[in-house]
Amino acid sequence: MNDMGSEVLGLETKGVSRRDFIKVCTTAAAAVGLPAWAGEKMAENVAKGRKPSVIWLHFQECTGCTESLLRTSHPDVGALILDLVSVDYHETLFAAAGRQIEEALEKALHENEGKFVLVVEGAIPEKDGGIYCQVGGKKAIDTLNAVAAKAGAIIAIGSCASWGGVPSAAPNPTGATGAPQILKGKTVVTLPGCPANPYNLLGTVLQYATFGTLPALDDLGRPKFAYGRVIHEDCQRRPHFDAGRFAQAFGDEGHRNGYCLYKLGCKGPQTHANCSLLDFCEVPGAWPVGIGHPCVGCTEQGVGFTVPIYTNLPVQNPTAPMAYPAIHPDHTVLGKSALAVGVGSAVVGAIVGAGVVATRKISADSEKTEGKE
Amino acid sequence: MSAHDHPKAIGGSLLDRSMLVLLALFGVAAVVMAYRFFAGVGPVSNMTDGFTWGIWEPVNVVVFTGIGAGAYSVGLLCYLLNKGQYHGLVRPAVLVGAIAYTLGGSSIMIALGRYWNSYLLPWIPWWNLSSALLEVAICVIVYVTVLWIEVLPSILDGAAASRSPRWAAIGKTWGPRLAKAMPYIIALAILLPTMHQSSLGGLMLIAGPKIHPLWHTALLPTLFLVSCLSMGFGAVVALVTILNLTWNAKHDPKLFADMSKVNAGMLLFYVVLRVADVVWSGKLRFLALDFPTLLFVAELALFLAPALMFLSPRVQRNKGRMFGAALLAVAAGAAYRVDAYLTMYRPAGWTADGKPIAAGWNYWPSLGETIVTVGMAAVGVALFIFVSRKFPVVVVEDVRDEHTHVGSGPAKAAASR
């Protein structure tokens with residue numbers, strides 16, 4: 001057991017210890033909200049050679065999601081990701097080309113039919129029959145439909161595959177659209193983001209490989225563990241927002257002091273993502289708000305690449321619900337009035353008066369009975 | 001405790017005229033409270049950032065619990081000093097205590113600006129253990145529970161005597177069981193008020209220079225503890241006198257005279273402490289012909305008057321004068337508490353020569369606040385009447401005594417002893 005993972009994978013030679021290996025698996029498990037033992041189980045499964053087969057399709061995109069996956073930092077997580085999952089087809093990473101690679105795809109499809117994980121990166125053009133994106137002479141839309149039909153799980157990584165992303169920005173000349181819109185009726189896990197956080201992918205894939213289940217999804221197919229809340233809710237600058245401390249312009253005093261970027265056009269209040277909670281490629285603060293730029297809303301359809309970067313958006317969950325009473329003193333209804341003074345004094349007077357009268361009466365009665373006896 | 005000293009349920013019509021008046025007063029208050037929960041504490045009160053407690057804290061909490069401290073003071077006499085002859089006073093005093101503390105606690109809920117956060121209070125990991133307010137809050141919550149447990153024997157006695165076999169069974173099983181646990185409950189009931197009544201003074205200790213120097217002293221916790229005892233004794237005497245007149249409750253002048261001598265001691269102790277403290281800490285220079293001095297002297301007079309009255313045989317003989325003195329003892333404690341909490345409190349503090357520093361904040365209770373306080377007091381009285389009509393709380397004058405009639409309580413009680 002000592003070198004369980006690293007021995008099988010030959011990672012020792014790459015300078016990756018078992019400890020690092022388990023750490024990555026545990027981080028991935030934590031990312032999907034699984035307990036730490038799940039990470040160990042993932043590592044065990046991988047060590048036993050049960051690596052999930054992954055087929056990775058590229059369509060209209062910039063390969064940024066793959067690039068960010070490869071650039072995960074110390075320890076060389078990029079390498080580990082490639083060792084944790086068995087990537088059987090990936091146009092960017094394959095040494096092979098042409099007919100050779102197409103054969104590899106066919107082979108992977110047959111060998112792992114119904115079991116492999118399909119990762120879609122990039123938008124799919126629908127206009128003019130989908131002729132604007134073709135790989136190996138086959139149209140993107142046809143490849144996607146064919147491969148998806150045999151897949152065990154489908155994950156759309158990045159905003160392009162999730163809902164269209166940059167290629168679908170107006171005027172959208174190719175009719176670019178996301179994978180869920182093409183694969184109607186199938187469960188497509190969407191991991192929007194430009195790029196998506198690699199750990200969100202890793203966690204989802206490993207959960208599927210280890211337990212055969214997918215994380216809980218919202219109605220847009222986004223895993224709730226990562227996209228359940230808007231960035232604003234967990235933003236490290238949130239206390240500044242609550243205290244009303246805003247950067248008014250780039251480089252001003254507020255900006256240099258790390259104040260809230262809302263007034264510079266931050267889309268955090270409407271953008272669902274876990275950027276503020278899970279560091280990109282393990283680099284602390286490596287996300288727009290962390291480096292002093294407002295969130296551009298890259299994960300959110302209708303916000304990212306649609307609303308101009310420096311345009312202000314209303315806050316989605318602005319304050320406490322309206323049913324909560326106001327805190328501000330507004331003494332208009334039963335507040336200051338001569339009546340209040342009068343009633344207050346009358347009550348005190350009545351209490352004192354009643355006490356005096358009662359005492360007198362009881363004393364007198366008591367004296368009478370005393371006299372009798 | 002003699003054989004015929006058993007408390008019994010008063011019975012009678014629940015919805016008589018006085019009850020209707022009390023419920024009507026509470027009804028108006030309930031409307032204000034409901035409105036407050038929707039519209040916020042601002043529109044119904046005159047509370048500001050300067051006067052954040054209004055009258056609900058000083059009156060509903062600090063004065064009500066002072067009156068409710070009858071349970072504490074009688075408990076001290078009866079259980080700690082083992083004076084069994086006071087046993088008959090325990091049940092009414094405890095019931096008043098339970099009601100007063102419950103009202104005090106619920107007034108806090110109404111006064112809290114963000115009351116929806118209060119469900120977090122029992123979450124121990126979030127407790128700020130250096131907070132005096134937390135001590136008061138937790139202690140009062142626990143004490144309310146303890147007081148109601150102390151009321152339970154009356155309820156279970158009532159149940160045991162009930163005609164419904166189910167109720168009777170519950171009363172007969174649980175009554176003796178509770179009796180076994182009672183010593184521990186009583187121990188708590190003595191400990192808890194000692195803690196939070198002094199903490200109520202401790203709260204004002206923290207307010208520091210915002211309290212006039214004549215009121216701000218390191219003895220605040222002690223003075224609050226002593227004043228709660230004097231208020232409690234006074235409240236019990238006043239209460240039983242009223243009960244004697246309305247329901248022919250057992251009224252034992254000798255007993256009251258003895259207890260009131262203790263109370264006189266408390267009142268005098270307070271006066272000595274207060275004056276000695278002012279002299280000792282060199283605060284005599286604050287005495288001048290002004291409002292604070294007038295209030296200070298008036299307060300001392302309020303404490304001195306009942307003390308001297310309680311010690312006078314002429315007063316001890318007369319039920320009415322005793323009643324008046326008891327009321328004065330309650331009023332003295334109430335005045336001291338309201339003064340320390342509100343009248344002599346200034347948000348911006350006092351200058352070195354005892355003049356208030358203007359800060360733009362003024363306070364007088366709004367109509368809404370007064371209505372809520374009056375309504376709370378009314379529902380407390382209503383609750384007391386309800387429970388003592390239904391359950392054995394009050395010790396009634398022996399009915400076999402043919403001469404008994406309203407107004408002749410003391411003599412008869414003296415004869416029957």
In nm, the gap between the two label points placed 7 Å beyond Cα toward Cβ at residue B:23 and residue A:233 is 4.6
Note: residue B:130 to residue B:168 extended length (0.36 nm per residue) minus current alpha-carbon separation gives 9.0 nm
Inter-chain shielding metric for B:43-53, i.e. average beta-carbon neighbours from other chains within 10 angstrom, reads 3
For A:142-148, B:311-317, ranked highest to lowest by mean beta-carbon neighbours within 10 Å, the order is A:142-148, B:311-317
For residue A:150, the lysines lying under 23 Å Cα to Cα, once residues fewer than eight places off in the same chain are dropped, come out as A:51, A:107, A:115, A:138, A:139, A:184, A:186
Mean Cβ-within-10 Å packing, highest first, puts peptides B:348-360, A:182-194, A:285-297 in the order A:182-194, A:285-297, B:348-360
Along the dipole axis of the protein assembly as shown (charges at Cβ: +1 for Lys and Arg, -1 for Asp and Glu; origin at the Cα centre), the most positive-end residue among B:55, A:64, A:17 is B:55
Partner shielding of A:354-366, taken as the mean number of other chain Cβ atoms within 10 Å, equals 6
One would report the Cα pair-distance distribution of chain B, bin width 10 Å, in %, as 5, 21, 31, 26, 13, 4, 1, 0
Between the Cα axis of helix B:132-160 and the main Cα principal axis of chain B, the angle (0 to 90°, nearest 10) is 10
Note: A:262-272 gets an average of partner chain Cβ contacts (10 Å, Cβ to Cβ) equal to 0
Interface buried area A-B, accessible surface with 1.4 Å probe, both sides summed, nearest 100 Å², comes to 2600
FRET efficiency (residue A:357, residue A:242; Cβ distance; R0 60 Å; to 0.05) is 0.60
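Suppose every K and R has +1 on its Cβ and every D and E has -1 on its Cβ; what is the size of the dipole of the protein assembly as shown about the Cα centre, in Debye to the nearest 20? Could you put the intermediate results ahead of the total?
Details: 62 positive and 55 negative charges, 609 e Å.
The calculated dipole for the protein assembly as shown is roughly 2920 debye.
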Residue-normalised value, i.e. accessible area per residue, for chain B at 1.4 Å probe, in Å², stands at 43
The FRET efficiency for residue A:279 and residue A:253, from their Cβ-Cβ distance with R0 = 41 Å and rounded to 0.05, is 0.90
Filtered hits (lysines, Cα-Cα < 16 Å from residue B:172, offset >= 8 within chain) -> B:180
Ignoring ligands and nucleic acids, residue A:86 exposes an accessible area, probe 1.4 Å, in Å² to the nearest 10, of 30
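Determine the calculated [θ] at 222 nm for the protein assembly as shown from helices alone, applying -39500 (n - 2.57) to every DSSP H run no shorter than 4 residues and normalising by the residue count; nearest 500 deg cm²/dmol.
Values: 29 runs with 417 residues, N = 790.
Computed mean residue ellipticity for the protein assembly as shown: -17000 deg cm²/dmol.
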To the nearest Å², the heavy-atom accessible area per residue of the range A:4-227 with 1.4 Å probe amounts to 41
Any lysines whose Cα falls less than 16 Å from that of residue B:83, other than same-chain ones fewer than 8 residues away, would be B:254, B:261
Taking protein heavy atoms only, a 1.4 Å probe, and rounding to whole percent, the accessible area of the range A:4-227 owed to carbon and sulfur comes out at 53
With Cα coordinates, the longest principal axis of chain B makes an angle with the long axis of helix B:253-280, in degrees rounded to 10, of 10
In degrees, nearest 10, the alpha-carbon axis of helix B:367-390 is tilted away from the dominant principal axis of the alpha carbons of chain B by 20
Excluding ligands, DNA and RNA, the carbon-plus-sulfur percentage of the accessible area of the range A:229-323 with a 1.4 Å probe reads 58
Fraction of alpha-carbon pairs in the range A:229-323 farther than 15 Å apart, rounded to whole percent, equals 58
Over the Cα atoms of the protein assembly as shown the radius of gyration and the largest Cα-Cα distance (Dmax), both in Å, equal 38.4, 127
For the range B:7-397, averaging the sequence separation of alpha carbon pairs under 8 Å that lie six or more residues apart and dividing by its residue count, the contact order in percent is 32
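Order these peptides, B:229-240, B:183-194, by their mean beta-carbon neighbour count within 10 angstrom, highest first.
Top to bottom by mean Cβ count within 10 Å: B:229-240, B:183-194.
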Hull surface over four for the Cα convex hull of the range B:132-225, reported in nm², is 7.4
Residue span residue B:361 to residue B:293: 0.36 nm per residue of separation minus Cα-Cα distance leaves a gain in nm of 22.3 nm
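The values are calculated or read from the model by the stated rules, or taken from the named source; none is laboratory data. Note that this is a predicted model, so its numbers are computed, not measured. Note that each Cβ is placed from the backbone with ideal geometry, even for glycine, and that neighbours are counted across all protein chains shown. Calculation scope for accessible area: heavy atoms of the full protein, side chains included, ligands and nucleic acids excluded. Shrake-Rupley method; radii C 1.70, N 1.55, O 1.52, S 1.80 Å.
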